[in-house]
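Visitor: My structure is below; once you've seen it, I'll send some questions.
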Amino acid sequence: MSSLITKWKKNKPYLYWVRSARVEGKPRIVEQIYLGPRERVLEQLRTQGTGALHPGATPPLQTVQTREFGASALFSDLAQDLGLIDLINAHVPPAPARRRTSLSVGHYLTLAAVNRAIWPKSKRAFAEWYQETVLSRLAPTASEELSSQRFWDHMNLFESHHFDLIQRELLTRIRQRFPLREQFLIYDTTNYYTFIHTFNSRPSLPQRGRNKQKRHDLRQLSLALVVDEERGLPLYYRCYEGHVTDVVALSASLCGMIRQGLPPQAPARLTCVLDKGNVSFDNFQALHQAQFSFLAASFPGAPADVSAPGPARWKAGQGVCPVRHTTRRDRRQTLGEL
């Protein structure tokens with residue numbers, strides 16, 4: 001691949017033409033040509049561009065603009081197919097007149113989501129990233145309207161009660177746009193640390209807990225996500241308090257998933273795939289009541305039959321069907337139908 005690079009020597013820029021290739025699997029510069037001081041090269045290009053052209057000659061290239069295209073165009077097209085902007089605007093009120101811009105609340109939230117999916121930037125750095133993508137042509141707007149203050153003015157209008165309504169309708173549209181086969185549902189949780197101040201009592205979700213990135217000193221948010229096994233598309237998600245453990249969070253997530261995450265035409269018997277952090281009799285009983293089969297990893301020392309008499313956490317299991325364990329070295333898997 002050929003490109004132009006700048007090398008600084010004694011605080012002066014010089015241009016080089018280089019050709020790169022992989023050597024033993026690693027990228028290396030295999031050819032290099034010195035072009036001269038950068039200002040002189042640019043002046044020569046300007047002079048060449050203003051000179052008279054010979055008949056039939058190809059006009060020189062004046063300016064080249066490079067923009068990120070693939071991911072930006074893909075997510076923008078997907079948002080239009082799902083009607084995401086109009087969906088948000090239908091539930092969230094517009095900004096006050098003195099703070100209103102050419103973009104709606106739906107535009108700001110959609111642009112922020114696209115940025116998070118491609119290359120996360122802070123709101124202060126968003127305008128610069130936006131100008132380097134094809135979004136500046138697909139949704140043109142002034143840089144002043146993409147400042148962090150304008151984002152805050154519009155995102156502050158999004159209330160907690162808007163979330164359930166938008167999520168329910170959005171998931172319905174996703175299932176209509178992408179026909180799913182919900183034979184297997186993959187359930188997992190994670191957490192993200194924040195830099196929210198310890199004595200900031202306004203948000204209730206950020207709490208200290210066992211952080212998976214080892215930042216136990218910071219307040220964190222927990223996220224539960226359910227995807228279909230075939231395509232990995234989200235069927236349900238829930239953000240909850242950072243100090244709630246996985247085994248406790250499953251019950252509430254299961255109730256929400258049944259209420260608004262599953263389509264009406266879902267199979268009568270679904271299989272939910274869990275990790276060992278969710279293994280408990282209460283969770284097995286909740287799965288049984290929801291007509292779920294399950295595939296779960298178990299912790300070392302777990303009883304081979306959760307319905308057999310044993311520790312107190314399993315004693316309530318009288319009357320349920322046995323759960324079959326398969327072991328491979330130190331790995332345990334639990335296959336069951338309650």
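FYI, it's all coordinate maths here, none of it is from the lab. These numbers come from a predicted model, not from an experiment. Reconstructed Cβ throughout: ideal geometry from the backbone, glycine too, with neighbour counts over all protein chains shown.
Visitor: How far apart, in nanometres, would the label points at TRP152 and VAL41 be if each is projected 7 angstrom from Cα along the Cα-to-Cβ direction?
Guide: Distance between the two pseudo-spin positions: 4.3 nm.
Visitor: Compute the signed sum of charges (Lys and Arg +1, Asp and Glu -1) over the other residues within less than 13 Å, Cβ to Cβ, of THR110. The partial results should precede the final answer.
Guide: Details: positive: ARG116; negative: ASP77, ASP81, ASP86.
Surrounding charge for THR110 is -2.
Visitor: Points 7 angstrom from Cα along the Cβ direction at ALA297 and GLU145: gap in nanometres?
Guide: Computed distance between label sites ALA297 and GLU145 equals 4.8 nm.
Visitor: Could I ask something else about it? Rank these for me by crowding, ILE5, ILE258, ILE85, ILE33, going from fewest to most other beta carbons within 10 Å.
Guide: If I rank by nearby Cβ atoms, fewest first, I get ILE33, ILE5, ILE258, ILE85.
Visitor: Just to verify a number: FRET efficiency for SER122 and ILE5, C-beta to C-beta distance, R0 = 22 Å, to 0.05?
Guide: According to the calculation, E is roughly 0.15.
Visitor: Hey, another quick one. Assuming R0 = 41 Å, can you tell me the calculated FRET efficiency for the pair THR190 and GLN32, based on Cβ-Cβ distance, to the nearest 0.05?
Guide: That gives a FRET efficiency of 0.35.
Visitor: Under Stokes-Einstein, with the Kirkwood radius over Cα pairs standing in for Rh, what whole-number D in µm²/s applies to segment 70-155 at 4 °C and 1.567 mPa s?
Guide: Working: Rh = 13.0 Å.
Once the numbers are plugged in, D ends up at 99 µm²/s.
Visitor: Fully extended, how many nm does the chain gain between GLN285 and ARG22 (0.36 nm per residue separation, minus their Cα-Cα distance)? The partial results should precede the final answer.
Guide: Numbers: separation 263, 0.36 × 263 = 94.68 nm, distance 5.64 nm.
Contour length minus the Cα-Cα distance gives 89.0 nm.
Visitor: Does segment 2-49 classify as rounded, prolate or oblate by the C-alpha gyration tensor (a ≥ b ≥ c root eigenvalues; a/c under 1.5 gives rounded; else a/b over b/c gives prolate, otherwise oblate)?
Guide: On the way: a/c = 4.06, a/b = 1.87, b/c = 2.17.
It comes out oblate by the Cα gyration axes.
Visitor: Hey, another quick one. Only four residue types carry charge here, +1 at the Cβ of Lys and Arg and -1 at the Cβ of Asp and Glu. Report the dipole size of segment 70-155 about the Cα centre in Debye, rounded to the nearest 20.
Guide: For this selection, approximately 340 debye.
Visitor: Next question, about the same structure. Would you mind ranking HIS216, HIS154 by Cβ crowding within 10 Å, fewest neighbours first?
Guide: Working: HIS216 11, HIS154 24.
Taking fewest neighbouring Cβ atoms as first place, the list is HIS216, HIS154.
Visitor: Label VAL248 and ARG67 with points 7 Å out from Cα along Cα→Cβ: what is the distance between them in nm?
Guide: 4.9 nm
Visitor: If you add up the charges near ARG38, with Lys and Arg at +1 and Asp and Glu at -1, over every other residue whose beta carbon is less than 14 angstrom from its beta carbon, what do you get?
Guide: Numbers: positive: LYS7, LYS9, LYS10, LYS12, ARG40, ARG46; negative: GLU39, GLU43.
Value of the local net charge: +4.
Visitor: Full extension from ARG208 to ARG100: what is 0.36 nm times the residue separation minus their Cα-Cα distance, to one decimal in nm?
Guide: In short, 35.2 nm is gained.
Visitor: Given a Förster distance of 35 Å, report the FRET efficiency between PHE199 and ARG168 from their Cβ-Cβ distance, rounded to the nearest 0.05.
Guide: Result of the calculation: an efficiency of 0.50.
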